[in-house]
Amino acid sequence: MVYEELAGEEDEVELPRGDVTERVVRVGSTVRRPVHPPSAAVADYLKHLEEVGFGGAPRFLGRDRAGRDVLDFLAGEVAGDPPQAWAADDELLASVGRLLRQLHDASEGYAADRGFAAPPGSRWFRWPSPSSSESSAVVAEPAPELVAHNDVTPQNVVVRDGQAVALIDFDMAGPTARVEDVVNTATHWVPLRAPVDTWPGWSRTRQPVRLRLFADAYGLTAAQRASLVDVALARADRMWLSMRGAAEHYGGGWAQMWHDGVGDLIRRRRAWLVDRSDDLRGALE
Ligand SMILES: Nc1ncnc2c1ncn2[C@@H]1O[C@H](COP(=O)(O)OP(=O)(O)OP(=O)(O)O)[C@@H](O)[C@H]1O
Ligand SMILES: [Mg+2]
């Protein structure tokens, strides 16, 4: 699908940099992103979301002459890194939970049609596989139920009037379980982080209350609530291996993150989850 340039779409404005993708730019009402292996699968997923009327994602508009993906630019505020204190608002957290639920509900039909497969010739983002001895030491990921975003960080949510209105940056989309994407989103937004890693202006003590708020806004089932802390612990173990693997195999921004200590940050999170697990479990009941 070739994107037809509109008149006046000449000036490129560089957008804030994330950890991995280089040169994401705004051109008029569009965003241009470099093509990479999951691009075609992501484009197909975004087309599905558009078809079912999910308004919380940019439309995929095609490829431009420079071979880049073209997406809608979505007006609003996006938090920086580290996320500002305004992003710690409880109402915003609840709206992120509702938006994630809408995404998951809108994705079910896609998963059923596709059997969780990316379209022919394309593939979803994949973490490098750890060695079998290492992977046998961690709890396996729950069986996939649908395709979802998998990277709902404050830097990947568009906010208007204090409400989350859209998700951007679907680079890590792919098959997952609902509770897994919920845990990942809660990790970034509650956040589930050790106090030493909590950002300025964000609560260091109200995480159990905020986790409950998020779970209620999403509408987690009793069974999902009961499993959440265990899913978070298992995910911390897997993510440590995944981030180290990505640093080794993909290099670039992944290697930089590892160098900057993301592995230790995950270990501190895990220890904190163990420490606070009774409070977190209690808040979810
Ligand atoms: N469709 C969009 N609408 C509005 N703003 C966008 C859009 N896409 C990107 N942005 C802005 O540009 C920033 C970077 O874009 P994006 O999240 O797509 O890439 P990235 O974070 O650099 O990638 P990665 O996470 O792979 O390193 C976002 O945090 C957001 O501020
Ligand atoms: Mg991003």
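The values are calculated or read from the model by the stated rules, or taken from the named source; none is laboratory data. Computed from a predicted model, the values in this text were never measured in an experiment. Here Cβ is always computed from backbone atoms with ideal geometry, including for glycine, and neighbour counts include all displayed protein chains. Please note that ligands, DNA and RNA were not included when accessible areas were found on the heavy atoms of the full protein model with its side chains. Shrake-Rupley method; radii C 1.70, N 1.55, O 1.52, S 1.80 Å.
Roughly how many percent of the accessible protein surface of segment 62-165 is carbon and sulfur, given a 1.4 Å probe and a whole-percent answer?
49 percent
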message = Could you compute how much accessible surface F170 exposes when probed at 1.4 Å, giving the result in Å² to the nearest 10?
response = 10 Å²
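Net charge within 12 Å of P82 by Cβ-Cβ distance, Lys/Arg positive one each and Asp/Glu negative one each, not counting P82 itself? Let's see the in-between values first.
Details: positive: R193; negative: D81, D197.
Taking every other residue near P82 into account, the sum is -1.
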key: R68, R63, ranked by accessible area, largest first (probe 1.4 Å)   = R63, R68
ask   = Given the Cα-Cα distance of W86 and R101 and 0.36 nm per residue of separation, how much length would full extension add, in nm?
value = 3.2 nm
request  = Kindly list the residues of segment 57-99 that lie in the label zone of V35, defined by a backbone N under 17 Å from the point 7 Å along the Cα-to-C-beta vector.
outcome  = 60-71
remark   = Per the Kirkwood formula over distinct C-alpha pairs, the hydrodynamic radius of segment 13-72 in angstrom is 12.1 Å
remark   = Rounded to one decimal in nm, the spacing of the 7 Å Cα→Cβ label points at K47 and D11 is 3.3 nm
remark   = Debye calc, one equal point scatterer per Cα of segment 31-136, no solvent, log10 I(q)/I(0) at q = 0.22, 0.24 1/Å comes to -1.23, -1.27
request  = Could you order peptides 232-241, 43-52 by the average number of other Cβ atoms within 10 Å of their residues, highest first?
outcome  = 232-241, 43-52
Relative packing of peptides 185-192, 203-210 - highest average C-beta neighbours within 10 Å first = 185-192, 203-210
